[in-house]
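Data block below; observations after.
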Amino acid sequence: MDLVRFCDLDGTIIQSHRICPENGVLVELYNDKPLSYMDYRAYERLQDIPKNLFIPVTSRTMEQYRRIFLYRDGGFPKYALLDNGGILLVNGEEDVQWNKEIKQYISSDLHRYEEILNHITEYGECKVQDDLVIFVKPYSDRDDALLGDYMRKWKGMQMFRHGSKVYICPDRLTKGYAVGKFIRNYSVKNAIAAGDSAVDITMIEAVSHGFYPPELRESVSGKYLDKVSFVAQMRLAESVLNYTVSSGV
């Protein structure tokens, strides 16, 4: 493969309608209402990148991912990593073997979900996404704080959020692990990554260069700082899509 771009979606490649970029291109509808946009220049650049070389890496479920339309022809990237990397789509179809291997890898932690759910349902609406990630929408700020206090007692489990939504899964189910596994499975030689939140930082471990907002600088291990470009969140999409091996950053 040529240069592969592993990219988070929400807040990186696409932006909420609440912060729609100037000249933004609508890329997601929900209940017939505009939900997400993409910067026009980044959108135009994406059309020129082969669909096998741009790989979304997201915490979204398959249903949520399929709402996004990034290409004029209505197609999807050839590959996509969903549920924090627990699901791999190839040409829109789930790679069953990938999912089986991931579940085997985190099997001991998946057995803990029932006990966790029995407790946290008092803090918010809960469900398990694709049998991989616990999704929680806290009832209130107080419940959100209590949820955080409770989850800190669980060793080996991580909690991350996107806006008001909270996700819980094993520490080992990271975007970085999924990206590394993909790189090995598909013999990828050159890869970069981009993300806007702490959950995206692990991807830098598996690639040659990464793009993250300045607010995440303290979250990046010192040994990786020399291969990270810190750019404003609204410039992440354009920066990662315009990167070339020959020109560098």
Every residue in the range 199-221 that is open to solvent by less than 60 Å² (accessible area, probe 1.4 Å) and either over 16 Å from the mean Cα position of the chain (by Cα) or of a type in the set (Lys, Arg) (or both), please. 209, 220, 221
What pairs come out if I take residues in the range 1-17 that are open to solvent by 30 Å² or more (accessible area, probe 1.4 Å) and pair them with residues that are hydrophobic (A, V, I, L, M, F, W, C) and at pLDDT below 95 whose C-beta lies under 8 Å away, six or more apart or interchain? 16/35; 17/35
Since residue 216 meets every condition but one in (1) of a type in the set (A, V, I, L, M); (2) touching a residue at least 24 places away in the same chain (Cβ under 8 Å); (3) assigned to a helix (DSSP H, G or I), which condition does it not meet? (2)
When (1) surrounded by fewer than 22 Cβ atoms within 10 Å (Cβ to Cβ); (2) under 22 Å from residue 193 (Cβ atoms) are applied to residue 82, the one that fails is (1)
Of the conditions (1) open to solvent by less than 70 Å² (accessible area, probe 1.4 Å); (2) within 24 Å of residue 193 (Cα to Cα), residue 93 clears all except one; give me its number. (1)
Out of the range 180-195, which residues are farther than 30 Å from residue 115 by Cβ and not charged (D, E, K, R)? 182, 183, 185, 186, 187, 188, 190, 191, 192, 193, 194, 195
Every residue from the range 78-116 that is touching a strand residue (DSSP E or B) at 6+ places or on another chain (Cβ under 8 Å), in a strand (DSSP E or B) and not aliphatic (A, V, I, L, M): 79, 94
Identify the single condition in (1) of a type outside the set (Asp, Glu); (2) surrounded by fewer than 19 Cβ atoms within 10 Å (Cβ to Cβ); (3) without any contact (Cβ under 8 Å) to a residue 40 or more places away in the chain that residue 242 does not satisfy, given that it satisfies every other one. (3)
Looking at the range 2-15, can you tell me whether even one residue there is of a type in the set (Lys, Arg), at pLDDT 95 or above and part of a helix (DSSP H, G or I)? no
Checking the condition loosely packed, with under 14 Cβ neighbours inside 10 Å and within 20 Å of residue 234 (Cβ to Cβ), which residue from 22, 28 passes? 22
For the condition open to solvent by less than 60 Å² (accessible area, probe 1.4 Å), assigned to a strand (DSSP E or B), among the aromatic types (Phe, Trp, Tyr) and modelled with pLDDT of 90 or more, what is the one hit in 37, 71, 43? 37
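The values are calculated or read from the model by the stated rules, or taken from the named source; none is laboratory data. Note that the structure is predicted; figures quoted are calculated from it, not measured. Every residue, glycine among them, receives a Cβ derived from its backbone with ideal geometry; neighbour counts consider all protein chains shown. Each accessible area value is taken on the protein alone, full model and side chains, heavy atoms only, with ligands, DNA and RNA left out. Shrake-Rupley method; radii C 1.70, N 1.55, O 1.52, S 1.80 Å.
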